[in-house]
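The values are calculated or read from the model by the stated rules, or taken from the named source; none is laboratory data. Just so it is clear, the model here is predicted, and its values are computed rather than measured. Reconstructed Cβ throughout: ideal geometry from the backbone, glycine too, with neighbour counts over all protein chains shown. Remember, those area values only see protein heavy atoms, side chains included, never the ligands or the DNA or RNA. Shrake-Rupley method; radii C 1.70, N 1.55, O 1.52, S 1.80 Å.
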Amino acid sequence: MTKRALVTGVTGQDGSYLAELLLDKGYEVHGVQRRHSTICTERIENILGAKNFYLHYGDLSDSCNLANLVRETQPDEIYNLAAQSHVGISFEVPEYTAEVTGVGTIKFLEAVRQVKPDAKFYQASTSELFGGIPETAPQSETTPFHPRSPYGAAKLYAYWITVNYREAYGIFACNGILFNHESPRRGVEFVTRKITLAVAKIISGKQEKLSLGNLNAKRDWGFAGDYVQGMWLILQRGKPDDYVLATGETHTVREFVEAAFREAGIEIKWRGAGLDEKGFDAKTGKVLVDVDAKYFRPAEVDLLLGDPAKAERELGWRRRVTFAELVKIMVAADLEKFI
Ligand code: NAP
Ligand code: F7E
């Protein structure tokens, strides 16, 4: 029997990798895209038109649409990856973020409960739930939550309503609490991709310098391809549960900058402090990195470091790509575009 999956956010970074994984496993995949005035299917170009891949219009803000999608596709597995996913931008559009990233999840779960209660449901939860306060690291499934942004608060609601539909109605609903995961398909407004794209543009003479916010924030960065494998594993277990997926390693934004420039043959030396800090090309003395107050957030998550022991033990999940390999893959992909 061919399994059917319904994937929201299929045009996003994770959605595109997950759709590929599920197609490879022989699933019939129904992806949900929002209506845009321009074409936004760049990340799924390679699977558009593939046998067993279907695209539907939809939006997390439209409960009728969600119920219709579940009715029409009759999925065995649902992956809810759609969200306003940018933490910094969530301070600018807090209500919209709550509506889509938070309330959108209950609209979807209610559609599942009423239309196809035996479907398995994966919710894209996040390490932003922890917020790093109080400072507890590494963070695991039992670490208390303390979100530090409208995005984190919206995801907190989504997390608990997923748990609630599991406990109240017996729905096979699971949270994947995923730490940062990146790839050449990462949106250009997230820090890793912003850095690797800037390295490629600076090397090819198309950009002068890179302006960043908090260089001292620490993140547990993995490769998105490894994490979508974990999402799938979470829904294959005999019973529904919540899992942290992380690398167990943390690095500062500053370290990511250094590693990315090093990949392109440039050694960065830092001078100054706070807003006056600058990153110089050690050879030429040219300023390649500076700090701009506009990229700081009203509240920051200083340290994320995940403990994936439960997922490793119960799901057999392992991250494969190391931090150094991730930086290498991302810089190489961006360099290829410009050189
Ligand atoms: P992403 O690249 O920003 O993709 C988000 C997807 O959601 C896009 O396809 C976007 O569509 C879609 N979307 C946004 N608003 C929507 C709406 N109102 N209705 C329907 N679709 C909507 O994010 P990602 O990195 O792939 O992350 C996937 C999920 O995991 C998100 O829920 C994110 O919050 C969560 N997460 C991500 C990470 C990470 O490090 N990547 C870690 C933990 C959790 P458009 O293409 O039309 O914009
Ligand atoms: O920021 C700092 C920034 O926007 C990482 C989302 O996928 O992962 C992601 O959220 C860090 C923060 O990711 C810039 O202040 C410095 O400390 O790449 P980011 P994020 O906020 O960690 C979680 C797990 C998710 O769930 C989210 O959906 O980098 N930083 N300078 C900067 N960040 C950005 N974006 N731009 C800068 O110029």
Exercise. Consider only pairs whose beta carbons are under 6 Å apart and that are at least six residues apart or on different chains; among these, list those whose first residue lies in region 70-81 and is farther than 14 Å from V228 by Cβ and open to solvent by 10 Å² or more (accessible area, probe 1.4 Å) and whose second residue is not in a loop (DSSP other than H, G, I, E, B) and not hydrophobic (A, V, I, L, M, F, W, C).
Key: D76/R4
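Does region 23-30 contain any residue that is at positive phi and open to solvent by less than 80 Å² (accessible area, probe 1.4 Å)? Steps first, answer last, please.
Of the residues in region 23-30, the ones at positive phi are 26.
If we keep only those that are open to solvent by less than 80 Å² (accessible area, probe 1.4 Å) as well, we get 26.
Scanning region 23-30, I find at least one residue that is at positive phi and open to solvent by less than 80 Å² (accessible area, probe 1.4 Å), so the answer is yes.
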Quiz item: So is G248 on the phi > 0 side of the Ramachandran plot, touching a strand residue (DSSP E or B) at 6+ places or on another chain (Cβ under 9 Å) and either at pLDDT 95 or above or in a helix (DSSP H, G or I) (or both) or not?
Solution: yes
Quiz item: Hey, F91 hits all of (1) open to solvent by less than 40 Å² (accessible area, probe 1.4 Å); (2) within 12 Å of ligand 2 (Cβ to nearest atom) but one; which does it fall short on?
Solution: (1)
Quiz item: Given (1) surrounded by fewer than 15 Cβ atoms within 10 Å (Cβ to Cβ); (2) within 23 Å of the chain's Cα centre (by Cα), where does H56 come up short, assuming only one miss?
Solution: (1)
Quiz prompt | Residue under evaluation L81, criteria (1) in contact with a His (Cβ under 7 Å, 6 or more places away or on another chain); (2) hydrophobic (A, V, I, L, M, F, W, C); (3) near ligand 1 (Cβ under 9 Å from one of its atoms), criterion not met | solution = (1)
Self-check item: Breaking point among (1) within 18 Å of K201 (Cα to Cα); (2) at pLDDT 95 or above, for F338
Solution: (2)
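Among A246, A198, which is away from ligand 1 (no atom under 15 Å from the Cβ) and open to solvent by less than 20 Å² (accessible area, probe 1.4 Å)?
Details: A246 fails: away from ligand 1 (no atom under 15 Å from the Cβ).
Sole residue among the options that is away from ligand 1 (no atom under 15 Å from the Cβ) and open to solvent by less than 20 Å² (accessible area, probe 1.4 Å): A198.
Is it true that some residue in region 4-17 is surrounded by fewer than 16 Cβ atoms within 10 Å (Cβ to Cβ) and assigned to a loop (DSSP other than H, G, I, E, B)?
So the first thing to find is which residues in region 4-17 are surrounded by fewer than 16 Cβ atoms within 10 Å (Cβ to Cβ), and the list is none.
No: region 4-17 contains no residue that is surrounded by fewer than 16 Cβ atoms within 10 Å (Cβ to Cβ) and assigned to a loop (DSSP other than H, G, I, E, B).
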Practice problem: Could you please give the count of residues in region 18-46 that are under 20 Å from the mean Cα position of the chain (by Cα), charged (D, E, K, R) and not in a helix (DSSP H, G or I)? | Solution: 2
Quiz item: Cβ-Cβ below 7 Å, separation at least six or inter-chain, first residue in region 3-18 and under 11 Å from R43 (Cβ atoms) and within 13 Å of ligand 2 (Cβ to nearest atom), second part of a loop (DSSP other than H, G, I, E, B) and of a type in the set (K, R): which pairs?
Solution: Q13/R185; Q13/R186
